[in-house]
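Remarks on the structure that follows.
The values are calculated or read from the model by the stated rules, or taken from the named source; none is laboratory data. From a predicted model like this one, the values you see are computed outputs, not experimental measurements. We place every Cβ from the backbone using ideal geometry, glycine too, and count neighbours over all the protein chains shown. For the accessible areas, the whole protein counts, side chains as well, though only heavy atoms, and no ligand, DNA or RNA atoms are used. Shrake-Rupley method; radii C 1.70, N 1.55, O 1.52, S 1.80 Å.
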Amino acid sequence: MNIGRIQAIFVKDYKEFTRNYAVSTMVLLPLVLAFLYNKMGITGVETYFLPINLGFTAVTTFVQCCLIAEEKEKNTLRGLMLSPATLGDILIGKGLLVFIVSAVTIALTIFLSGYEPANLLLLSIGLIVSIIFYLGLGTLCGLFTKSIVEASVFILPVMVVFSFGPLALTIAEQYPILKIAEWLPSAQIVELAYKLEGLYTLMDVTVPILVIIAWSIAAWILTAMIYKKRMVD
Amino acid sequence: MTSVIEVQHLKKSFQSENALEDVSFTIEKGEIFGFLGPSGSGKTTTIKILTAQLEETGGSAYVLGKPAKEMKKSSNRNRFGILTDNSGLYTRLSIEENLLLYSKLYSLPTSAVKEALDFVNLYSERKKKVSQLSKGMIQRVTLARSIMHKPELLFLDEPTSALDPVNTTHIYNGLRKLNEAGTTIFLTTHDMSEAESLCDRIAFLHNGRIKAIGTPQELKKRFSNDTITVELKDGSSHYIENRTHEANKLYEWMKNEQIEKIYTNEPTLGDIFMQLTGSDLI
Ligand SMILES: Nc1ncnc2c1ncn2[C@@H]1O[C@H](COP(=O)(O)OP(=O)(O)OP(=O)(O)O)[C@@H](O)[C@H]1O
Ligand SMILES: [Mg+2]
């Protein structure tokens, strides 16, 4: 791993991102939603997490997916792969920008929705591992698709499942199969936040965080594997 | 041995067809080697195997003394440069910003960017966004990118296909200088004059097989048909074979001071290719 290379890729992505309005304006989506909910006076942990979970998919996953898909579409990823940059340099360099953008967006979303978490530190840990998971998911989607157009279609079902999965729990009484949705990272983060509002045990906090970490590890291992495959035509 | 590239019986098949049937050649250090062949003959496939972007189906390929597969390693990628027809650039960035990124990826000083821009004659236009460039300019930027780290070995896949004569000449001169400074160059083209003016040795590739290999002079000699053309002062032109019974004609013309010009009929590289394959180079 080489800090100089990671930084160079980050700076390049920053310049491209700020000049690519179609993608960069996506950050407004969760912010506007959070602001509206707040104005309408809707509160409650579940509600606060609607814009937050939307932020994870619409900003972290979608933007990352678009950035990677564009590198593939324009054949620039091949150039990075043929340079001395290693797998680590490229994946970290390419993830760093969206990680920072996501962290800022989620922080602003929380602020705009008027949500005041009972334990900001523990919740932040959960949010950070969530961002790492959604980043891996976005990278994976980007590696699977060949162009931005394809990526924006491919991403829709992914967004629905991961963003709105927790909503399925509300009808899980009739359809027990939907119970599995509670293991989604988006449901686990709500679970964590919910527990943090009351009296909680160590288990209450560690289980959701560990579940999200497991999702992250799976996503990134898969990403590294697909990436290595893509290096050879 | 100082072979920079050593390829033995290389074979590559895709699902439906064989792109390379049987390709063998070696390139020595310091050579400019030209791979000539029509579209679809397997030039790009060969380069992709040599740079570890494809895996061969059979045979062996050694690059810089190592199996071509090892060109995947970060430390080996520093040692070669590559330009292909699908080398991509970041379109929202300027020429300079694109090269700056690569100078960092190769751990070069910033001054390397200016040198590379001068190489392709684009310094004065460095602030232009890539999305606003012509095809020829894009080709020059990707060329600049591929030579920026002064690699030991340079792969150029049709490097001048979109260039005008002025820039082509400029780039030929730059490539010769780079070669004199020690860079071995492997270049593919279907432009015969390019191969002739730039390459020390060339190979003709056709349907995934090498049909002939040698210096341009050697090839021309090997395929010359041993005839001469004589132009007389009366404007007529005579094509005669280099044999005794034709010698009398020559003797008569010379005696009568009728001869304007005599020259040997050297085949062009295109003629040789035609003779070998029965098809045109393009
Ligand atoms: N990824 C691939 N999948 C299937 N077939 C391929 C693939 N890449 C190349 N081929 C086939 O292999 C053959 C050789 O292709 P290659 O690109 O090496 O030709 P080339 O000599 O570079 O031609 P050109 O001058 O047009 O660039 C062609 O018939 C092509 O259709
Ligand atoms: Mg080609």
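For region B:113-122, the condition holds for no residue, the condition being that it is of a type in the set (G, A, S) and open to solvent by 70 Å² or more (accessible area, probe 1.4 Å).
As an exercise: evaluate B:T2 against (1) away from every other protein chain (no Cβ under 13 Å); (2) modelled with pLDDT of 95 or more; (3) more than 16 Å from ligand 2 (Cβ to nearest atom) and give the number of the one condition it does not meet. All conditions are met except number (2). When A:A58 is tested against (1) of a type in the set (G, A, S); (2) part of a helix (DSSP H, G or I); (3) closer than 30 Å to B:R79 by Cβ, just one condition goes unmet, and that condition is (3).
In summary, B:K104 fulfils each of the numbered conditions (1) touching a Lys or Arg at 6+ places or on another chain (Cβ under 9 Å); (2) within 16 Å of ligand 1 (Cβ to nearest atom); (3) closer than 30 Å to A:V23 by Cα with the single exception of condition (2).
Counting only residues that are surrounded by fewer than 21 Cβ atoms within 10 Å (Cβ to Cβ) and either within 27 Å of A:I3 (Cβ to Cβ) or within 16 Å of ligand 1 (Cβ to nearest atom) (or both), region B:123-141 holds 3 of them. Consider region B:155-191 and keep the residues that are within 16 Å of ligand 2 (Cβ to nearest atom) and of a type in the set (A, V, I, L, M, F, W, C). The one that is surrounded by the fewest Cβ atoms within 10 Å (Cβ to Cβ) is B:A162. Per the listing A:P84, A:P51, A:P30, the residue uniquely open to solvent by less than 50 Å² (accessible area, probe 1.4 Å) and within 9 Å of chain B (Cβ to nearest Cβ) is A:P84. Each residue in region B:109-131 was checked for being under 17 Å from A:T76 (Cα atoms) and of a type outside the set (D, E, K, R), and 2 pass. Of the strands (runs of 3 or more DSSP E) lying entirely inside region B:1-111, those carrying at least 2 residues that are over 15 Å from B:T188 (Cβ atoms) and touching a Gly at 6+ places or on another chain (Cβ under 7 Å) are B:3-13, B:18-28. Checking B:K72 against (1) closer than 23 Å to A:L77 by Cα; (2) free of Cβ contacts under 8 Å to residues at least 40 places away in the same chain; (3) open to solvent by less than 60 Å² (accessible area, probe 1.4 Å), which test does it fail? So the condition that B:K72 fails would be (3). Hey, any hits in region A:68-81 for a residue that's assigned to a helix (DSSP H, G or I), at pLDDT 95 or above and more than 10 Å from chain B (Cβ to nearest Cβ)? Scanning region A:68-81, I find no residue that is assigned to a helix (DSSP H, G or I), at pLDDT 95 or above and more than 10 Å from chain B (Cβ to nearest Cβ), so the answer is no. Hey, does region A:163-174 have a residue that's under 30 Å from B:V130 (Cβ atoms), open to solvent by less than 30 Å² (accessible area, probe 1.4 Å) and under 15 Å from the mean Cα position of the chain (by Cα)? No, because not a single residue in region A:163-174 is under 30 Å from B:V130 (Cβ atoms), open to solvent by less than 30 Å² (accessible area, probe 1.4 Å) and under 15 Å from the mean Cα position of the chain (by Cα). All but one of (1) open to solvent by 10 Å² or more (accessible area, probe 1.4 Å); (2) assigned to a helix (DSSP H, G or I); (3) more than 14 Å from every other protein chain (Cβ to nearest Cβ) hold for A:E116, so report the exception by its number. It is condition (2) that A:E116 fails. Only one of the numbered conditions (1) more than 13 Å from ligand 2 (Cβ to nearest atom); (2) open to solvent by less than 10 Å² (accessible area, probe 1.4 Å) is not met by B:K66, and that is (2). Residue-level analysis places B:N98 among those that are modelled with pLDDT of 95 or more and either buried (at least 20 other Cβ atoms within 10 Å of the Cβ) or within 14 Å of chain A (Cβ to nearest Cβ) (or both). Within the option set B:S16, B:S75, B:S39, being modelled with pLDDT under 95 and within 16 Å of ligand 2 (Cβ to nearest atom) holds for one residue only, B:S39. Any chance region A:187-204 includes a residue that's open to solvent by less than 80 Å² (accessible area, probe 1.4 Å), aromatic (F, W, Y) and in a helix (DSSP H, G or I)? No, every residue in region A:187-204 fails to be open to solvent by less than 80 Å² (accessible area, probe 1.4 Å), aromatic (F, W, Y) and in a helix (DSSP H, G or I).
Let's see how each residue does on (1) at positive phi; (2) at pLDDT below 90; (3) basic (K, R):
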residue: B:Y123; (1), (2), (3): no, no, no
residue: B:K127; (1), (2), (3): no, no, yes
residue: B:Q139; (1), (2), (3): no, no, no
residue: B:L143; (1), (2), (3): no, no, no
residue: B:H149; (1), (2), (3): no, no, no
residue: B:E152; (1), (2), (3): no, no, no
residue: B:S161; (1), (2), (3): no, yes, no
residue: B:K177; (1), (2), (3): no, no, yes
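Quick one: which helices (runs of 4 or more DSSP H) lie wholly within region A:11-54 and hold at least 1 residues that are more than 29 Å from A:I148 (Cα to Cα)? Answer list for region A:11-54: A:28-39, A:45-54.
If I filter region A:95-103 for residues that are farther than 18 Å from A:K15 by Cβ and more than 14 Å from chain B (Cβ to nearest Cβ), do I get at least one hit? Checked region A:95-103: at least one residue is farther than 18 Å from A:K15 by Cβ and more than 14 Å from chain B (Cβ to nearest Cβ). Scanning region B:141-154 for residues that are over 22 Å from B:G30 (Cβ atoms) and away from ligand 2 (no atom under 16 Å from the Cβ) gives B:V141, B:A144, B:R145. Within region B:76-95, restricting attention to residues that are within 8 Å of chain A (Cβ to nearest Cβ) and within 16 Å of ligand 1 (Cβ to nearest atom), the residue that is nearest to B:E17 (Cα to Cα) is B:N86.
Would you point out the residue of region B:30-75, among those that are under 28 Å from A:T86 (Cβ atoms) and acidic (D, E), that is farthest from ligand 1 (Cβ to nearest atom)? Here the answer is B:E70.
This table checks each residue for (1) in the same structural domain as B:E28 (by TED's automatic domain parsing); (2) exposed (fewer than 11 other Cβ atoms within 10 Å of the Cβ); (3) not basic (K, R).
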residue: B:T215; (1), (2), (3): yes, no, yes
residue: B:E231; (1), (2), (3): no, no, yes
residue: B:D234; (1), (2), (3): no, yes, yes
residue: B:N242; (1), (2), (3): no, no, yes
residue: B:A247; (1), (2), (3): no, no, yes
residue: B:Y251; (1), (2), (3): no, yes, yes
residue: B:N256; (1), (2), (3): no, yes, yes
residue: B:K261; (1), (2), (3): no, yes, no
residue: B:G270; (1), (2), (3): no, no, yes
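Residue-level analysis places A:I92 among those that are part of a helix (DSSP H, G or I), of a type in the set (V, I, T) and within 14 Å of chain B (Cβ to nearest Cβ). Here B:K220 meets the list (1) more than 21 Å from B:T45 (Cα to Cα); (2) open to solvent by 50 Å² or more (accessible area, probe 1.4 Å); (3) not in a loop (DSSP other than H, G, I, E, B) almost entirely, failing just condition (2).
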